[in-house]
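Here is the structure we will look at.
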Amino acid sequence: MSILEAIIIAIVEGLTEFLPVSSTGHMIIAEKLMNVDDKEFTKLFIVAIQLGAILAVVALYWKKFFDFKNPSFYLKLFVAVIPALVLGYTFSDSIDKMLESTTTVIISLIMGGVVLLMVDNYFKKPVIEEEPQMTFKNAFIIGCWQVIAMIPGVSRSAASIIGGMQQRLTRNLAAEFSFFLAVPTMAAATGYKLMQGYNTFTPSDIKLLIIGNVVAFVVALLAIKFFIGFLQKHGFRVFGIYRIIVGIILLLLMLAGYLPR
C-alpha cells in the first residue's frame, strides 16, 4: 500500500464512518478499485483507521463524553458494546473472510438502501429525548442492532441509529448515542486487530497507520457536523437512494469484470 492509497482510503473512511452508507463497504470497494497490494495488511488497515474517525467524536463532544458526574452514561455504553465484543471475537475469522467479498458489500448496500427508504415512515412517535431517560435495556438492544454491521456493507451508524429509533429515541439522540457507542466498539476492534498483527508490522506499515488515522480524524470532524444537520432536515431517504445507486453501479462493474467477486 502506498501513502497515496492510504490517504484515499482514510478520506473515504472519514467521510462515510458516520453516514448510514457503510464506511467498511466503501473502503473495501476503494481498495479493490485501486488494486491495493498486501491484502492482509489492507484488511487490518481498514479496521484500524476507523479509530481515527471515532476519536473525532471525542474531540467534538468532549464535554459530554467526559462528564464523570453521569456514571450511568458509561455503564450504558458498556452494556451496549457487549454484543459486539462477544460476537466480534467469536466470529472474527468469518468477518475477515467477508471483508474480501465484493458481492457481500453490494448486496448489503442495496438491501440497506431499501431499508433506509422506509425507515422515516416508522418510529414517528419517539418518547426518549435525553440520554438519562434511556434504560440499560434500551442500550443493550441498540448494541444488538449494531452487531448487524459486522456484515460489510451494513452501516454501523445506520444499524445503531435505527436501533435507537426502534427503542423510541428521538432521531437526534439515536444519532448521538450511536456516535458515542462507536468509541468503545471501534477502540476494541482496532486494539484486537493491532494485537493480532503487531509482530508483522514494518516501519512503513506503522507510518501508513499513523497517516491513515490522522486523515480519517480530520475528515470525520467535518462529516459529523454535516450529518447531524442533514439528518435533522432530511432524514434517511437520500442515503437510501445513494446506497441503491452505488450498489447497482458496483454490481454492473463486477459483472463487467472490473471488480472481483
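Hey, among 106, 142, which residue is touching a residue at least 12 places away in the same chain (Cβ under 8 Å), within 25 Å of residue 245 (Cβ to Cβ), part of a helix (DSSP H, G or I) and hydrophobic (A, V, I, L, M, F, W, C)?
106
When the range 127-169 is filtered for residues that are at pLDDT below 90 and of a type in the set (Ser, Thr, Tyr), the ones remaining, listed by number, are 155, 157. When the range 1-27 is filtered for residues that are of a type outside the set (A, V, I, L, M), closer than 27 Å to residue 234 by Cβ and either surrounded by fewer than 23 Cβ atoms within 10 Å (Cβ to Cβ) or out of contact with any Phe, Trp or Tyr (no Cβ under 6 Å at 6 or more places or on another chain) (or both), the ones remaining, listed by number, are 13, 14, 16, 17, 22, 23, 24, 25, 26. Would you please list the contacts, defined by Cβ atoms under 8 Å and residues six or more apart or on different chains, that run from a residue in the range 203-218 that is closer than 13 Å to residue 4 by Cα to a residue that is charged (D, E, K, R)? Note: pairs meeting the criteria are 212/13.
Condition check ((1) among the β-branched types (Val, Ile, Thr); (2) surrounded by 15 or more Cβ atoms within 10 Å (Cβ to Cβ); (3) under 21 Å from residue 36 (Cα atoms)) across all residues:
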site	(1), (2), (3)
169	no, yes, no
173	no, yes, no
186	no, yes, no
206	yes, no, yes
212	no, yes, yes
222	no, no, no
226	no, no, no
251	no, yes, yes
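Count of the range 67-84 residues, restricted to those that are touching a residue at least 24 places away in the same chain (Cβ under 8 Å), surrounded by fewer than 17 Cβ atoms within 10 Å (Cβ to Cβ) and hydrophobic (A, V, I, L, M, F, W, C), is 3. Has the range 90-103 got any residue that is under 30 Å from residue 207 (Cβ atoms) and touching a Ser or Thr at 6+ places or on another chain (Cβ under 8 Å)? Yes, the range 90-103 contains a residue that is under 30 Å from residue 207 (Cβ atoms) and touching a Ser or Thr at 6+ places or on another chain (Cβ under 8 Å). Can you tell me which residues in the range 30-59 are in contact (Cβ under 8 Å) with a residue 12 or more places away in the chain, more than 16 Å from residue 217 (Cβ to Cβ) and not in a helix (DSSP H, G or I)? Once the filter is applied, which keeps residues that are in contact (Cβ under 8 Å) with a residue 12 or more places away in the chain, more than 16 Å from residue 217 (Cβ to Cβ) and not in a helix (DSSP H, G or I), the range 30-59 yields 34, 36, 37, 38.
The values are calculated or read from the model by the stated rules, or taken from the named source; none is laboratory data. In this text the structure is predicted, and so the values were computed from the model without any measurement. Ideal geometry is used to build each Cβ from the backbone, glycine not excepted, and the neighbour counts take in all protein chains shown.
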